[in-house]
Amino acid sequence: MELSTVWFVLIALLWFGYLFLEGFDFGVGMLLGVLGRTETERRVMVNTIGPVWDGNEVWMIVAVGATFAAFPSWYASLLSGAFLPILVILLALIGRGVAFEYRGKVDSARWRRNWDRVIFLGSWLPPLGWGLVLTATVVGLPINARGDLVGGPIALLRWETLLGALAVAGFSLVHGAVFTALKTEGAIRARARRLALGVGPIALLPLAGLLGFSVLGGAVVLVLAGLALWRLWLEREGQAFLLLGALAAAAVATLFGSLYPDVLPSTLDTAFSLTVANASASPYTLTVMTWVAAFGTPAVLAYQAWTYWVFRQRIGTRHIPAVHAP
């Protein structure tokens, strides 16, 4: 297999890792004010993702960086064409990170309420934006022979890309509810289970609709979604969480599999499409990247696995100490 194809597959795996890991912590942020009815319960929810949310973002940074290095033409056309939603995503991620750090710095209900609103927005906008951008990559954009977007940022708004935005946001919402049920105890756990079981069938529908072009891909996603909700109903939250991960893997495999050998199709003329062959970096660059990834990736995976293992226990309101603002 050529190195350009290897890196296309690796970039798909990186996006899977990002959607799987960051998806649940986006979902926890979306549900912060719904499942956390008191300040102590909201602190429980924030603590479920406190040790891991920033590490989860590494997958997005590496995916974008790998695209830049391995497929510079793909990176240039997609990110310049989608600069507006990506700018919104970055601002939302920055605000969300600041909110996590600062919401406990002042012992004031109003202060925490305002930062909670930032977490809420910062948890909804990135999955909506990435769903829009990643779906645009698969269905194509009106790019000309130079790889420039024709029609401006509005050209990204099509029914498929809007469906993709709803699909990623809906998946994150359900994934976050299941993760909250997995990591908490007592009333929060019960609420999270009820919410996931109640909204899950509706929230996951856009993802099944997005994969409607592939009978096999859509069927696999529907079966995995049904199995995940069944296991959750039986209070097997860990199995439900892993089944949602398998669902995300099936969705990414279906979307990127349908894209290959293109990396960014042109809806103006197929001759303008960027492909794995014509958009890749030089063989020397890909070789160096492959060696770096071969040594660096195991270290990153080991560190993240260790973090999840150390913070594997459930937490509840009894574990939350009194507020101690500096």
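The values are calculated or read from the model by the stated rules, or taken from the named source; none is laboratory data. Treat the numbers as computed from the prediction; the structure is a model and nothing was measured. A quick note on method: Cβ atoms are made from the backbone with ideal geometry, for glycine too, and the neighbour counts reach across all protein chains shown. The area values use the complete protein model at the heavy-atom level, side chains included, leaving out ligands, DNA and RNA. Shrake-Rupley method; radii C 1.70, N 1.55, O 1.52, S 1.80 Å.
When the residues of the stretch 9-39 are narrowed to those that are among the hydrophobic types (A, V, I, L, M, F, W, C) and open to solvent by less than 10 Å² (accessible area, probe 1.4 Å), which ends up nearest to Gly257 (Cα to Cα)? Don't jump to the end; show me each part of the working.
Our first condition is that a residue be among the hydrophobic types (A, V, I, L, M, F, W, C); within the stretch 9-39, this holds for 9-16, 19-21, 24, 26, 28, 30-32, 34-35.
Now drop any that are not open to solvent by less than 10 Å² (accessible area, probe 1.4 Å), which leaves 11, 24, 26, 28, 30-32, 35.
On the way: Ile11: 12, Phe24: 24, Phe26: 26, Val28: 30, Met30: 30, Leu31: 32, Leu32: 35, Leu35: 37 Å.
Across the stretch 9-39, the extreme among qualifying residues is Ile11.
Residues to consider are Gly122, Gly147; find the one that is open to solvent by less than 10 Å² (accessible area, probe 1.4 Å) and either without any contact (Cβ under 8 Å) to a residue 12 or more places away in the chain or on the phi > 0 side of the Ramachandran plot (or both). Outline the logic, then answer.
Numbers: Gly122 fails: either without any contact (Cβ under 8 Å) to a residue 12 or more places away in the chain or on the phi > 0 side of the Ramachandran plot (or both).
On inspection, the qualifying residue turns out to be Gly147.
Which of (1) more than 13 Å from the chain's Cα centre (by Cα); (2) modelled with pLDDT under 95 is the odd one out, the single condition Ala192 does not satisfy?
For Ala192, the exception is condition (2).
As an exercise: evaluate Pro51 against (1) in a helix (DSSP H, G or I); (2) at pLDDT below 95; (3) under 27 Å from Gln313 (Cα atoms); (4) not aliphatic (A, V, I, L, M) and give the number of the one condition it does not meet.
Of everything listed in (1) in a helix (DSSP H, G or I); (2) at pLDDT below 95; (3) under 27 Å from Gln313 (Cα atoms); (4) not aliphatic (A, V, I, L, M), Pro51 misses just condition (1).
Read through the list (1) without any contact (Cβ under 8 Å) to a residue 60 or more places away in the chain; (2) within 18 Å of the chain's Cα centre (by Cα), then give the number of the only condition that Pro298 fails.
Pro298 satisfies all of (1) without any contact (Cβ under 8 Å) to a residue 60 or more places away in the chain; (2) within 18 Å of the chain's Cα centre (by Cα) except (2).
Are any residues in the stretch 271-318 in contact with a Gly (Cβ under 8 Å, 6 or more places away or on another chain) and either closer than 21 Å to Phe8 by Cα or outside any helix (DSSP H, G or I) (or both), and if so, which ones?
Phe272, Ser273, Leu274, Gly316
Name the pairs: first residue in the stretch 64-86 and hydroxyl-bearing (Ser, Thr, Tyr), second residue open to solvent by 50 Å² or more (accessible area, probe 1.4 Å) and part of a helix (DSSP H, G or I), Cβ to Cβ under 6 Å, at least 6 apart or on different chains?
Going by the 6 Å Cβ cut-off, the qualifying pairs are Thr67/Tyr75; Tyr75/Phe68.
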